[in-house]
Amino acid sequence: TGAGTMALRRVHWIRRARGIPCRYFATYTAKRLHDLLDSNDVVVLSKSTDPFSERIKSYLEDAGVDFKAVDVDLEEFGEEIVEQAAKLTRQESVPSVFVGETYIGGCMDAISSYEAGEMQQLLGGKDESRREEGNKNFQQA
């Protein structure tokens, strides 16, 4: 537990040094994660040096899927975003693939989901809801 305690102290110090009060920090990172998931059809939380992260990003690119990759080891507060995602998914490792706010899984889960057509159904449903919303807005204008 010594290393874990040191890591917690280091994170606490970093948060204080950046001027973010610790009690608001979880809210900030939860909002950041929600904004990422809300503004992108597909989000991949990954690490820049992880081979599984590179594999899923390459697979999605080859499949023509438009996605937002967040390399948490390079992103400010990236590890904290993974912690917030873990509260939703109970999965603390990366990569983590989301379609909207629906958690798909890691690398192999996402590939299986895409090959089974499940990811396309989720993306299609997202497109349908956007079209319906656009039609409502157009009719109101």
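The values are calculated or read from the model by the stated rules, or taken from the named source; none is laboratory data. Quick caveat, the model's predicted, so the values are computed rather than measured. Keep in mind that these areas ignore ligands, DNA and RNA; they rest on the heavy atoms of the full protein, side chains included. Shrake-Rupley method; radii C 1.70, N 1.55, O 1.52, S 1.80 Å.
General observations
- Length released on extending from Arg55 to His34, taking residue separation times 0.36 nm less the Cα-Cα span: 5.1 nm
- A 1.4 Å probe over all protein chains sorts Ser53, Ser58 by accessible area into Ser58, Ser53, starting with the largest.
- Per-residue surface analysis assigns Glu115 an accessible area of about 130 Å², computed on protein heavy atoms at 1.4 Å probe radius.
- Gyration tensor (alpha-carbon) shape descriptor, the stretch 23-126, a/c threshold 1.5: prolate
- Karplus-derived 3J(HN,Hα), 6.51/-1.76/1.60, for each residue of the stretch 57-69, Hz, glycine and proline x: 5, 5, 4, 5, 4, 5, 7, x, 7, 7, 9, 10, 9
- With θ taken as phi - 60° and the Karplus curve 6.51 cos²θ - 1.76 cosθ + 1.60 applied, the whole-hertz 3J(HN,Hα) list for the stretch 32-46 is 4, 5, 4, 4, 4, 5, 6, 9, 9, 5, 10, 10, 10, 7, 9 Hz, x standing for glycine and proline.
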